[in-house]
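Computed from the coordinates by the stated procedures, all read-outs in this text should not be read as laboratory data. Given the structure is predicted, the values throughout are model-derived calculations rather than measurements. Note that we place each Cβ from the backbone using ideal geometry, even for glycine, and neighbour counts take in every protein chain shown.
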Amino acid sequence: MLKQFFILCSGADTDILKECSNGEQNKYAGIGATVFFTALMATIAASYALYTVFDNLYTSIAFGFVWGLLIFNLDRFIVSTIKKRDNKLSELAQAMPRIILAIIIAVVISKPLELKIFEKEINQVLLEQKNDLTLANQNQIAQQFTPKITSLENEIVALKTEIDTKETEVNTLYDTYISEAEGTAGTQLLGKGPVYKEKREKHDAALAELQQLKADNKAKIGAIETEIADLQTTQKTNVADSQPVIDNFDGLMARVNALGELPWLPSFFIFLLFLAIETSPIFAKLLSPKGEFDYRLQDQETTIKTWTMQKVNERKLLLKTDNDINNKVYNDIADEEEVISYKHKKARELMQLQADAFFKNQKEAL
């Protein structure tokens, strides 16, 4: 039962193969087994690759199964259409397009399995890439908010500097009127005279201005700090909203690119392995000698070809003979007086009818 299934997978004519020896049947069963297991590996590889895309097990398995059937059909077609010939170079030329197709299939099959085999190494590369993307994303978002935040912080510094300058002025006026009262500066007269009162009033006015300036600037600084806090909150929100995009940066293309950053030699040998598996049915058929099945198939095909060509030639000969007979008959009839007289009579009647019809049309027109 299993042998018959693998023979069916090989694409060989089962009716012809039944008449062949067990050795010939085993050869095609082996070719069919290679075709089947190659399709099975393609199903597994495609299912994993699609799982990284859809992140859904059942969907991935369904599409992977369809892909496996496609590869199975292609491989079966490739093997079944290679015909054994007496010239090896002719066989190789016949198989070359199929070998190229097998190489393409091997690349498609091997790549998803490489992703699975080197999954841990790929995850490490992706982690480094995600960290770099996170830093780059934060820097890009910061570039949108930093200039505005810096400008606002500079405004706060300017407002505080204005308060400090005013405080320095008030302190200077305080020292001035105190020194005047102590007689250590100004008029150098001890006591609270008119000059002292004038300087004290100037200090008190400046102090009132300072208090008002502090109140005004405090309100301004509070508003600016609130605006800065809002900008920082918006910045953090933008970073948090964009982070899931970076966290999900592990799709099929990202993994393939990450695989490309790993050493190429192990991946290349895996590709060679699948290339050998994919092309093994083709080379097995090319390298094997012309067997009993090939002779029987050739006999059947040449029999049908010969019979078809014979029927076509017979039809051509029949058509040529019939044409020759018809030509000879018409040539013989053409010389008979009775036929010529009859043709004259009918031609005269036809011309009379044409003349009557022309006369009638002209009369109606007038």
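Which Cα, out of TYR28, GLY251, LEU275, lies furthest along the positive dipole direction of the chain (beta carbon charges, K/R +1, D/E -1)?
Of TYR28, GLY251, LEU275, it is TYR28.
Given the options ASN26, ASN326, ASN154, state which has the largest fluctuation in a GNM of the chain using a 10 Å cut-off (strictly under) for Cα springs.
ASN326
Ordered by residue, what ³J(HN,Hα) values in Hz, to whole numbers, does the stretch 356-363 give under the Karplus form 6.51 cos²θ - 1.76 cosθ + 1.60, where θ = phi - 60° and Gly and Pro are x?
Those phi angles translate into 5, 5, 5, 5, 4, 4, 5, 5 Hz.
Rounded, prolate or oblate: which fits the stretch 307-365, taking a ≥ b ≥ c as square roots of the Cα gyration tensor eigenvalues, rounded meaning a/c under 1.5, else prolate when a/b beats b/c?
Details: a/c = 10.19, a/b = 2.33, b/c = 4.37.
It comes out oblate by the Cα gyration axes.
Please report the spacing between the Cα centers of the stretch 96-140 and the stretch 293-332 in Å, no decimals.
Cα centres, the stretch 96-140 to the stretch 293-332: 61 Å.
Taking θ = phi - 60°, what integer Hz values does the Karplus form 6.51 cos²θ - 1.76 cosθ + 1.60 yield along the stretch 18-24, in sequence order, with x for Gly and Pro?
With the stated coefficients, the stretch 18-24 comes to 5, 7, 8, 6, 5, x, 5 Hz.
Please list 3J(HN,Hα) in residue order for the stretch 244-255, calculated via the Karplus relation 6.51 cos²θ - 1.76 cosθ + 1.60 where θ = phi - 60°; whole Hz, with x for glycine and proline.
x, 4, 5, 4, 8, 7, 8, x, 4, 5, 4, 5
Excluding the sites themselves, what is the longest stretch of the chain that contains no GluC sites (Glu not before Pro) in a DSSP loop with at most 15 other C-beta atoms within 10 Å? Kindly include the intermediate steps, with their values, before the conclusion.
Details: sites that count: GLU19, GLU261, GLU336.
The segment 20-260 is the longest one with no such site.
Answer rounded, prolate or oblate for the chain, using the Cα gyration tensor with square roots of eigenvalues a ≥ b ≥ c: rounded when a/c is under 1.5, else prolate when a/b is larger than b/c, else oblate.
Details: a/c = 6.80, a/b = 2.21, b/c = 3.08.
Here the chain falls in the oblate category.
Projecting each Cα onto the charge dipole of the stretch 197-255 (Lys/Arg +1, Asp/Glu -1 at the beta carbon, about the Cα centre), which of THR226, VAL239, LEU213 comes out farthest on the positive side?
LEU213
Taking only DSSP H segments of four or more residues, each worth -39500 (n - 2.57), what value at 222 nm results for the chain once the sum is divided by all its residues, to the nearest 500 deg cm²/dmol? List each step's numbers first, then the result.
On the way: 11 runs with 324 residues, N = 366.
One gets -32000 deg cm²/dmol as the mean residue ellipticity at 222 nm.
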